[in-house]
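*Asks:* The structure is given below, and queries will be raised subsequently.
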Amino acid sequence: MKKLNKKGFTLIELIVVIAILAVLALLLVPQITGYIQASKDSVGAANARTCYSNLMLKAAADEADLAGIKVEDIENCAMVDAKDPSKGATWTGNGKTYTYDPAKASQAPGV
């Protein structure tokens, strides 16, 4: 009697593995896109905070008021209210506008 040497996988086994991988991919794709959007929002918020700091430093270095600083001086940045720096700054990118409010940032988390 001959012994059959079984090498490789059957077609059914391969189809089952591919089906399982497809189901896992369908479950993971929405999660991954959510994380990507959350990271873009974090970057936008950080850029708005940096924008505010840059505008305040520029005003201090030039010994000028914020009303005299043009938006073109710092790319994608603008003060919410040039006459009142405590209202923060905005940064535009990724098709959205992000706002940094220094009054909210000074509060402890969860307060």
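*Asks:* Output wanted: per-residue J couplings in Hz (rounded whole) for region 35-43, from phi through Karplus 6.51 cos²θ - 1.76 cosθ + 1.60, θ = phi - 60°, x for Gly and Pro.
*Replies:* Here the 3J(HN,Hα) series is 5, 5, 5, 5, 5, 5, 5, 5, 5 Hz.
*Asks:* Can you tell me the dipole magnitude for region 17-105 around its Cα centre, using point charges on the Cβ only (Lys, Arg +1; Asp, Glu -1), in Debye to the nearest 20?
*Replies:* 380 debye
*Asks:* Further question: Order these peptides, 50-56, 9-15, by their mean beta-carbon neighbour count within 10 angstrom, highest first. Could the numbers behind the result be given before it?
*Replies:* Values: 50-56: 18.7, 9-15: 9.6.
Taking the mean over residues of other Cβ atoms within 10 Å, the ranking is 50-56, 9-15.
*Asks:* Same structure again: Using the Cα centre of region 17-105 as origin and beta-carbon charges of +1 (Lys, Arg) and -1 (Asp, Glu), tell me which of S86, L57, Y100 is placed farthest towards the positive end of the dipole.
*Replies:* Y100
*Asks:* Starting with the highest mean, order 80-90, 18-28, 35-45 by the number of other Cβ atoms within 10 Å, averaged over the residues of each peptide. Walk me through the numbers before you get to the answer.
*Replies:* Details: 80-90: 16.1, 18-28: 9.8, 35-45: 12.8.
Ranked from most to least packed, the peptides come out as 80-90, 35-45, 18-28.
*Asks:* Across region 7-23, in residue order, what do the Karplus-derived ³J(HN,Hα) couplings come to in whole Hz, using 6.51 cos²θ - 1.76 cosθ + 1.60 with θ = phi - 60° and x for Gly and Pro?
*Replies:* These are the phi-based 3J(HN,Hα) values: 10, x, 10, 7, 4, 4, 4, 5, 5, 5, 4, 5, 5, 5, 5, 5, 5 Hz.
*Asks:* Check V80: other-chain or 5+ apart residues with amide H under 5 Å from its amide H, H built from backbone geometry?
*Replies:* Residues meeting the amide H criterion: G88, A89, T90.
*Asks:* What residues qualify as long-range amide H neighbours of T97, i.e. H under 5 Å apart, gap of 5 or more or another chain, H built at 1.01 Å from N?
*Replies:* Distant-sequence amide H within range of T97: zero hits.
Throughout, read-outs are computed from the coordinates displayed, never taken from laboratory work. Predicted model, so just to flag it, every value in this text is computed and none were measured. Backbone-built Cβ (ideal geometry, glycine too); neighbour counts: all protein chains shown.
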